[in-house]
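K.L.:
First the structure, then my questions, so here it is.
Nothing in this text is a laboratory measurement; each read-out follows from the coordinates by a stated rule. Quick caveat: nothing in here was measured; it's all calculated off a predicted structure. FYI the Cβ positions are ideal-geometry reconstructions off the backbone, even for glycines, and counts take in every protein chain you see.
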């Protein structure tokens, strides 16, 4: 009887560990794809011939079989020649899963 109780406790612990591992893998996958979307949005802002206008821009992008909403905020820095670009990417529920900050020249030479 005691052996059966010990075995039951061990089995329950393994089941809880497996569910935590699966939950963590799903979160890691969402974060990874959101970071890719943030890089794509930032790369587009960095490589465009004209710098983005100051303020916020919003949009959606489909990646990894999911729709992600992104917000790009462009701000001036202490140096008038450099812009700061902050990108935040949220899942369908609205939870921010990825963030990225980059800088770029304010004007092309």
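K.L.:
Cα gyration tensor of segment 59-109, axes a ≥ b ≥ c as square roots of the eigenvalues: rounded (a/c below 1.5), prolate (a/b > b/c) or oblate? The partial results should precede the final answer.
P.N.:
On the way: a/c = 3.88, a/b = 2.54, b/c = 1.53.
Taking the square roots of the gyration eigenvalues as a ≥ b ≥ c, segment 59-109 is prolate.
K.L.:
Does a label point 7 Å from the Cα of residue 54, set along Cα-to-beta-carbon, have any residues of segment 75-97 with amide nitrogen under 14 Å, and which are they?
P.N.:
In segment 75-97, the label zone of residue 54 (backbone N under 14 Å from the point 7 Å along Cα→Cβ) covers 75-85.
K.L.:
Could you tell me what a quarter of the Cα convex hull surface of the chain works out to, in nm² with one decimal place?
P.N.:
9.7 nm²
K.L.:
Between residue 11 and residue 67, what is 0.36 nm times their sequence separation minus the Cα-Cα distance? Round to one decimal in nm. Mind dumping the intermediate values first?
P.N.:
Working: separation 56, 0.36 × 56 = 20.16 nm, distance 3.78 nm.
Working it through step by step, the gained length comes to 16.4 nm.
K.L.:
Given the peptides 69-78, 85-94, arrange them by the average over their residues of other C-beta atoms within 10 Å, most packed first. Walk me through the numbers before you get to the answer.
P.N.:
Values: 69-78: 14.9, 85-94: 16.4.
Peptide ranking by packing, descending: 85-94, 69-78.
K.L.:
Can you give the angle from 0 to 90° between the axis of helix 2-47 and the longest principal axis of the chain, with both taken from C-alpha atoms, to the nearest 10?
P.N.:
10 degrees
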